[in-house]
1. Quick check: net charge around Asn85, other residues with Cβ under 15 Å of its Cβ, Lys/Arg +1 and Asp/Glu -1?
2. Under a point spin-label approximation (7 Å from Cα along Cα-to-Cβ), what is the Ala31-Ala151 distance to one decimal in nm?
3. Report the GluC sites (Glu not before Pro) located in segment 156-229 that are in a DSSP loop and have at most 10 other Cβ atoms inside 10 Å of their Cβ, or state none.
4. DSSP loop (so not H, G, I, E, B), at most 15 other Cβ within 10 Å: list which trypsin sites (Lys or Arg not before Pro) in segment 129-205 pass both filters.
5. Given segment 7-223, what count of lysine pairs have C-alpha atoms under 21 Å apart, with each pair 8 or more places apart or on different chains?
6. Let me see the pair-distance distribution of segment 7-223: every alpha carbon pair, 5 Å bin width, integer percents in order.
7. Could you tally the net charge around Val105, taking each other residue with its Cβ under 12 Å from the Cβ of Val105, Lys/Arg +1 and Asp/Glu -1?
8. Net charge around Thr220, counting only other residues with Cβ within less than 14 Å of its Cβ (Lys, Arg = +1; Asp, Glu = -1)?
Amino acid sequence: MPPPATPAERLHQVLHRIHEAAAAAGRPAPALLAVSKVQPPEAVAVLAGAGQRAFGENYVQEAAAKRGALDAGLDWHLIGHLQSNKAALAAQVFDWVQSVDRPSVAAALARHRHPARAPLNVLLQVNVEGEAGKAGCHPEELPALARKVAAEPRLALRGLMSIPVPHAEAEARRPAFRRMRALFDALAAEHPGMDTLSMGMSDDFAVAIAEGATMVRIGTALFGPRPPR
Ligand SMILES: *Cc1c(COP(=O)(O)O)cnc(C)c1O
C-alpha cells in the first residue's frame with residue numbers, strides 16, 4: 001500500500017481534480033474553500049503553509065479561536081447556520097458569511113461590522129429544493145433579500161450558496177445545481193457585484209463545477225474523515 005497522502009499532497013490532488021472538472025466543462029476553475037470545521041488549528045496551519053488561503057467554518061466560537069491562533073492573512077468564511085445572537089461575533093470574526101438567509105440576520109451583521117474594516121462579504125443561502133425545516137431562503141424570497149443586503153453599506157453582496165439534498169448519487173444533485181446557476185444569473189443581472197456561486201462538496205464538486213459553481217467547499221477530501229466533535 002502507498003503511504004497515506006500528506007495534507008499538502010491532498011491539497012494538490014483536489015486542486016488538480018477541480019481544474020480537470022472545469023476544463024472538461026469548458027468553465028473557469030472555481031475557488032477552493034477548505035472546510036476546516038472540527039479540525040485543529042495545526043491542521044489549518046499545514047494547509048495554509050501549502051498555499052491555501054480560504055477556510056470555511058460552521059461554528060462562530062470555534063472559528064474565533066482558530067482565527068486568533070493562526071497568522072493573519074487567511075480568509076474565514078462562515079458556512080454554518082447563523083443564529084441572530086451570534087451575529088455580533090460573526091461580524092468580527094469572518095471575512096465572508098455564506099449563510100445569510102433572512103433580513104434580520106443581514107441587519108444584525110451590518111450593525112456589528114466595524115466601520116474601519118472592509119464590508120463583510122455576504123452570500124445568500126438558498127433552500128433551492130424547498131425542503132421543509134431546512135436553512136436557506138426560498139427562491140421567491142431572493143430578490144427582496146438581495147436588495148436588503150445590497151442597501152447595507154457595511155455588507156457586500158457577493159452571490160449565492162446552497163447545500164442540496166444529499167443523494168447517494170452526486171448526479172442526482174445536478175438539477176438543484178442547475179437551478180442555482182439560473183437563480184444566480186438572474187440576480188447578478190440586477191446586482192453586478194455578484195461574482196460567487198458557492199456549491200459543491202467533496203463528493204459532488206465535479207457536478208457542481210459542470211453546472212457553474214465559482215467556489216467549491218471541500219472538507220473530507222482535504223482533511224480526511226472528520227473526528228467527532
Ligand atoms: C461540512 C460542510 C462542507 C464540506 O463537506 P465535505 O463533504 O467534508 O467536503 C461543505 N459545506 C458545508 C455547508 C458544510 O457544512
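Bear in mind that the values in this text are calculations on the coordinates, not laboratory data. All figures in this text were calculated on a predicted structure; none of them were measured in a lab. Here Cβ is always computed from backbone atoms with ideal geometry, including for glycine, and neighbour counts include all displayed protein chains.
1. Net local charge, Asn85 excluded: +3.
2. Label at Ala31, label at Ala151, 2.7 nm between them.
3. Working: sites: Glu169, Glu171, Glu190, Glu211; in loops: Glu169, Glu211.
Here the sparse-neighbourhood loop sites are Glu169.
4. Numbers: sites: Lys134, Arg147, Lys148, Arg154, Arg158, Arg173, Arg178, Arg179, Arg181; in loops: Lys134, Arg154.
Sparse-neighbourhood loop trypsin sites (Lys or Arg not before Pro): Lys134.
5. Working: Lys37/Lys66; Lys37/Lys86; Lys37/Lys134; Lys66/Lys86; Lys86/Lys134; Lys86/Lys148.
Eligible lysine pairs with Cα atoms under 21 Å apart amount to 6.
6. 1, 7, 16, 19, 21, 17, 12, 6, 1, 0
7. Numbers: positive: Lys86, Arg102, Arg111, Lys148; negative: Asp101, Glu152.
Surrounding charge for Val105 is +2.
8. Numbers: positive: Arg10, Arg17, Lys37, Arg217, Arg226; negative: Asp203, Asp204.
Surrounding charge for Thr220 is +3.
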